[in-house]
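Nothing in this text is a laboratory measurement; each read-out follows from the coordinates by a stated rule. Computed from a prediction, not measured in an experiment: that's the story for all the values here. Neighbour counts run over all protein chains shown; Cβ positions are idealised from the backbone, glycine included.
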Amino acid sequence: MGYKENSISLNLKFMGDIVEDLELADAVSLLEQLVSIFLRETPKKLDAVREAIAQEDAKGLRASAHSLKSSSAMLGADTVSELSWKLESMGQSGELARAREVLGSLEKECELVYQQLCTLRTEQFSVLLR
């Protein structure tokens, strides 16, 4: 399966809790929708974060990082959410000195989450629904 506790970027327990009380078909459908939206929208949100950092736009960084933080938290992408929170806080304070460094970490983590979500979707979320 490849989902080692210490190397996964997704909080599978969190995702499993989302579907715990749903019928199997409903759970798979809900997860498919949430994952599809995340996979479609995350690159756009990352682009907005990149653009805000490039333009040194603190307000834009705060808003775009907040959006990414929320959507990643909803799927249990805890590290993406945490890194987004750091960028959101930088935007809030106007202190953007480390923003590029945090962005690099965020991009790497988003790639891991993206790959893991694609794998989960391919496996039709069976790892969560056991």
What list of whole percents do you get for P(r) of region 12-122, with Cα-Cα distances grouped in 10 Å bins up to the one holding the largest distance?
-> 15, 46, 25, 12, 2
Whole-Hz ³J(HN,Hα) from phi, Karplus 6.51 cos²θ - 1.76 cosθ + 1.60, for region 59-76, glycine and proline x = 5, x, 5, 4, 5, 6, 5, 4, 4, 5, 4, 5, 5, 6, 4, 4, 9, x
If you rank C110, C118 by fewest surrounding Cβ atoms within 10 Å, what's the result?
-> C118, C110
